[in-house]
Amino acid sequence: MRKYLKTADSDWFNQRLTGIMYCVVAAFAVLVVRLFYLQIIEGREYRRLSENNSIRLQSVDAPRGLIYDREGRLLVDNRPAFDLNIILKDAKPVDQTLAKLAGYMHMPVEELTPNITRRGSVSSYKPVLLKQDIGRNALAAIEVHKFDLPGIVMMIKPRRHYIYENSAAHLIGYMGEINNEELDCGDYQGCRVGDYIGKFGVERSYENVFRGQRGGRQVEVNVTGQVVRVLKTVMAKPGNNVFLTIDNNLQQATEKLLQGRAGAAIAMDPKTGEILAMVSSPSFDQNMFVSGMSHENWESLVTNPYRPLENKAIQAEYPPASTYKVIVAMAGLEEGVIDSETTFTCPGYLRLGNRVFRCWRRGGHGTVNVVRALAESCDVFFYNVGRELGVDTLARYALGCGLARPTGIGLANEGKGLIPTTDWKLQRFGEPWQGGETLPVAIGQGYDLTTPIQMLVVTAAVANDGLMHRPQLLKKIESAQGEVVERGRTDVSGRLPVSQATLAIVKRGLWEVVNSEGGTARGARLAKIAISGKTGTAQVVGRKEGAEETPEDEVKEHFKPHAWFIAYAPAEDPQIAVTVIVEHGEHGSSAAAPIAREMIRTYLMNKNDPRQVATVKDSDSDG
């Protein structure tokens, strides 16, 4: 019996031992399989993750090309900016790290989290931007506590700096963060989410010129993500520098002349088409877009009734008013409707059917020819010429002078204006053209709309004996090493559709506008430099027939007329052409002409002997 029990105990023990051995073998088998999976199947992935814990690649942004004026004066450069980033894999626990960081920076933690919540599937080893361009105080606080902030990384990036605040803002433009549509369109090769690109003006037009080639570096980091050493660096390639045609002295002077007024002023070299100054007022500070704009600042810009974000020089469309009489005079002379001796009598109005069309001078101008009609801006004379020509003939000459189409200056969103025809009205309103509608068109009112840059091109072409140039902004492009990559080219876009004999008569009239006793712009005279020009007063609201006019001091500001002045000088050898419009400035002679005169004086003083550009005593008249 004892022998039987002893044998039974031995079998039970052997069975238990065998079971334990099976378990051990199974455990080792699982371990071997797991090691095989980790080292063989997933080995590459875990090797990559391991290396990311010690060796990482960092992108290095390329410095953007600089912007200079025609004389090499620096207008836009780059400054170092400190961007605060977080690497989520290194920052655990993330919430605790962000709370400490917010405390050190004395700001709500919510301001640091938006980009983290939007990052989606971005690798946890990729830096996520928390706040860009932090101040030096915040930088110092973070550096002091950096060992207490795992995963917090400071990156130095070049940031755009516009040296002259509010200056040439509409011409130079500004930068903004690239959006998804721009990333998908294919025009911005090499750009990534978070990059800044040109959004407006020259910054946008020459984006591919300014943008350099991104570099990078391989760094070794410790367990908290702090850089221990740099292993390898590939230097970024800077973008090319752009030299504009503008003269910064003239630009600054013009901006001061327009300060506190809404409008635009542009200057051009009539012999080359080079833009010497371009001002749109009011302006804005482009640096706000670079540093990040608050909602309140953005709302103040977009709701401002004077439209500071609009480049009025090329985008705003206004009735050309009496400046359009230059084109009407050329059309009348070319078509033989008038010649230099043709006269019309102006009693202060013209009656057509049961309608009365008034001249700006209540008592009339008497009997005038085309030269005197231009000089004194006689509406009745041009009513008669327009009635004889008809709206379609007027339109043909206006189109031949470059109106109703963009000038091709090379800036986005350029306006094209409007020149009415009989077909246009029929298509637009479904109504035939009426004869009485031609008369307002003949003095630049009615449906006529032009941009200041268009009228500048016409003015420069008259000064240049009929040769028209496409406005040019580029003087040259240089590499970062100073090698010339490209030079701006004079681009002849056509000729005015008139003869030299016609131009001679029109030029005589424009000279008398400023230099004769009856001229509407006598206040624009310079003592030793002959200026030729034309004033204009563009009505904002129509006059009701038979109603008495409201006294000027009782008219509300936004109902007052716009003031125009177009000019070139010196009359015998033009070196500068100018267009000025002052919104609600009332009279071209008193509001716009003095600005143009000072622009001309400033430019010629820089080129010639200052003693030759003294001012004659001002005197105001209508126009």
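The values are calculated or read from the model by the stated rules, or taken from the named source; none is laboratory data. The structure displayed is predicted, hence computed values, not measured ones. Don't worry about glycine lacking a Cβ; one is built from the backbone with ideal geometry, like all the others, and counts go over all protein chains shown.
How many residues does segment 165-190 hold that are among the aromatic types (F, W, Y) and under 20 Å from P80 (Cβ atoms)? Talk me through it step by step, then tell me what you get.
Of segment 165-190, the ones among the aromatic types (F, W, Y) are 174, 188.
If we keep only those that are under 20 Å from P80 (Cβ atoms) too, we end up with 174.
Total meeting the criteria: 1.
Which pairs have Cβ atoms under 7 Å, sit 6 or more apart or on different chains, and link a residue in segment 206-235 that is not assigned by TED's automatic domain parsing to the domain that holds H145 to one that is among the β-branched types (V, I, T)?
none
Out of (1) modelled with pLDDT of 85 or more; (2) of a type in the set (D, E); (3) not in a loop (DSSP other than H, G, I, E, B), the odd one out for E51 is which?
In the conditions (1) modelled with pLDDT of 85 or more; (2) of a type in the set (D, E); (3) not in a loop (DSSP other than H, G, I, E, B), E51 misses (1) alone.
Which residue is modelled with the highest pLDDT, if the candidates are limited to segment 558-590 and must be assigned to a loop (DSSP other than H, G, I, E, B) and under 24 Å from the mean Cα position of the chain (by Cα)?
Of segment 558-590, the ones assigned to a loop (DSSP other than H, G, I, E, B) are 560-561, 570-575, 583-587.
So of that shortlist, the ones also under 24 Å from the mean Cα position of the chain (by Cα) come out as 583-584.
Values: E583: 96, H584: 93.
Checked segment 558-590; the qualifying residue modelled with the highest pLDDT is E583.
Check G176, G198, G151, G190 and return the single one that is buried (at least 22 other Cβ atoms within 10 Å of the Cβ) and within 28 Å of V485 (Cβ to Cβ).
Details: G176 fails: buried (at least 22 other Cβ atoms within 10 Å of the Cβ); G151 fails: within 28 Å of V485 (Cβ to Cβ); G190 fails: buried (at least 22 other Cβ atoms within 10 Å of the Cβ).
After applying the criteria, what remains is G198.
Could you tell me how many of the residues in segment 347-376 are within 23 Å of E586 (Cα to Cα), surrounded by 14 or more Cβ atoms within 10 Å (Cβ to Cβ) and free of Cβ contacts under 8 Å to residues at least 40 places away in the same chain?
Matching residues across segment 347-376 total 5.
When segment 385-411 is examined, which residues are found to be in contact with a Pro (Cβ under 8 Å, 6 or more places away or on another chain) and polar (S, T, N, Q)?
Across segment 385-411, the qualifying residue is only T407.
Residue check: is F284 assigned to a helix (DSSP H, G or I) and either within 30 Å of V540 (Cβ to Cβ) or not small (G, A, S) (or both)? Even if it seems obvious, please write down each step before you answer.
Details: assigned to a helix (DSSP H, G or I): no; either within 30 Å of V540 (Cβ to Cβ) or not small (G, A, S) (or both): yes.
For F284, the condition - assigned to a helix (DSSP H, G or I) and either within 30 Å of V540 (Cβ to Cβ) or not small (G, A, S) (or both) - is not met.
If a residue must be over 30 Å from K534 (Cα atoms), assigned to a loop (DSSP other than H, G, I, E, B) and in contact with a Leu (Cβ under 9 Å, 6 or more places away or on another chain), how many such residues does segment 292-326 contain? Working first, answer last.
First, pick out the residues of segment 292-326 that are over 30 Å from K534 (Cα atoms): 292-304.
With the extra rule that they be assigned to a loop (DSSP other than H, G, I, E, B), the set shrinks to 292-294, 303-304.
Add one more test, that the residue is in contact with a Leu (Cβ under 9 Å, 6 or more places away or on another chain), and what stays is 293.
So the count comes out to 1.
Return a yes/no flag: does segment 291-304 have any residue that is of a type in the set (S, T, N, Q), within 17 Å of I172 (Cβ to Cβ) and not assigned by TED's automatic domain parsing to the domain that holds A567. So that I can check it myself, show each step before the final result.
First, the residues of segment 291-304 that are of a type in the set (S, T, N, Q): 291, 294, 297, 300, 303-304.
Filter once more, keeping what is within 17 Å of I172 (Cβ to Cβ): 291.
With not assigned by TED's automatic domain parsing to the domain that holds A567 added as a condition, the list becomes 291.
Yes - at least one qualifying residue is present in segment 291-304.
Looking at this structure, is G363 in a loop (DSSP other than H, G, I, E, B), modelled with pLDDT under 95 and either out of contact with any helix residue (DSSP H, G or I) (no Cβ under 8 Å at 6 or more places or on another chain) or under 21 Å from V514 (Cα atoms) (or both)? Walk me through it before giving the result.
Numbers: in a loop (DSSP other than H, G, I, E, B): yes; modelled with pLDDT under 95: yes; either out of contact with any helix residue (DSSP H, G or I) (no Cβ under 8 Å at 6 or more places or on another chain) or under 21 Å from V514 (Cα atoms) (or both): yes.
In short, yes.
Scanning for something buried (at least 19 other Cβ atoms within 10 Å of the Cβ), within 21 Å of the chain's Cα centre (by Cα) and not hydroxyl-bearing (S, T, Y), does segment 214-234 turn up at least one residue? Show your work before the answer.
First, pick out the residues of segment 214-234 that are buried (at least 19 other Cβ atoms within 10 Å of the Cβ): 221, 225.
Within this subset, residues satisfying the condition of being within 21 Å of the chain's Cα centre (by Cα) are none.
No, every residue in segment 214-234 fails to be buried (at least 19 other Cβ atoms within 10 Å of the Cβ), within 21 Å of the chain's Cα centre (by Cα) and not hydroxyl-bearing (S, T, Y).
For segment 63-71, state whether one or more residues are among the charged types (D, E, K, R) and at pLDDT below 85. Walk me through it before giving the result.
Taking segment 63-71 as the starting set, the residues that turn out to be among the charged types (D, E, K, R) are 64, 69-71.
Restricting the remaining residues to those that are at pLDDT below 85 gives none.
No, the conditions are met nowhere in segment 63-71.
Only one residue in S280, S300 is in contact with a strand residue (DSSP E or B) (Cβ under 9 Å, 6 or more places away or on another chain) and polar (S, T, N, Q), so which one is that? Walk me through how you get there before you give the answer.
Numbers: S300 fails: in contact with a strand residue (DSSP E or B) (Cβ under 9 Å, 6 or more places away or on another chain).
Step by step, each of S280, S300 is checked, and only S280 is in contact with a strand residue (DSSP E or B) (Cβ under 9 Å, 6 or more places away or on another chain) and polar (S, T, N, Q).
Might you check whether a residue that is in the same structural domain as R355 (by TED's automatic domain parsing), in contact with a Gly (Cβ under 9 Å, 6 or more places away or on another chain), closer than 27 Å to M278 by Cβ and not hydroxyl-bearing (S, T, Y) occurs anywhere in segment 436-446?
Yes, the conditions are met somewhere in segment 436-446.
Please go through segment 366-393 and pick out each residue that is outside any helix (DSSP H, G or I) and under 40 Å from the mean Cα position of the chain (by Cα). Full working, then the answer.
Of all residues in segment 366-393, those outside any helix (DSSP H, G or I) come to 366-369, 377-378, 390.
If the condition is that a residue be outside any helix (DSSP H, G or I) and under 40 Å from the mean Cα position of the chain (by Cα), then S377, C378, G390 are the ones that fit.
Any residue at all in segment 396-409 that is more than 30 Å from S205 (Cα to Cα) and surrounded by 15 or more Cβ atoms within 10 Å (Cβ to Cβ)? Can you show your working first?
Taking segment 396-409 first, the residues more than 30 Å from S205 (Cα to Cα) are 396-397.
Still in the list and also surrounded by 15 or more Cβ atoms within 10 Å (Cβ to Cβ): 396-397.
Within segment 396-409, one or more residues are more than 30 Å from S205 (Cα to Cα) and surrounded by 15 or more Cβ atoms within 10 Å (Cβ to Cβ).
Mind listing just one residue for me: the one in segment 263-312 that is among the polar types (S, T, N, Q) and touching a residue at least 24 places away in the same chain (Cβ under 8 Å) and, of those, farthest from G198 (Cα to Cα)? Before the answer, list the steps.
Within segment 263-312, the subset among the polar types (S, T, N, Q) is 272, 280-281, 283, 286-287, 291, 294, 297, 300, 303-304, 311.
This time we only want the ones that are touching a residue at least 24 places away in the same chain (Cβ under 8 Å), so: 272, 280-281, 283, 286-287, 291, 311.
On the way: T272: 27, S280: 19, S281: 21, S283: 18, Q286: 11, N287: 13, S291: 14, N311: 16 Å.
So the residue we want is T272.
Check off (1) within 24 Å of T233 (Cα to Cα); (2) under 24 Å from the mean Cα position of the chain (by Cα); (3) part of a loop (DSSP other than H, G, I, E, B) for D90 and give me the number that stays unchecked.
(2)
Do the conditions hold for A321, that is, is it at negative phi and touching a residue at least 24 places away in the same chain (Cβ under 8 Å)? Write out each step before concluding.
Values: at negative phi: no; touching a residue at least 24 places away in the same chain (Cβ under 8 Å): yes.
So A321 does not fit the description; no.
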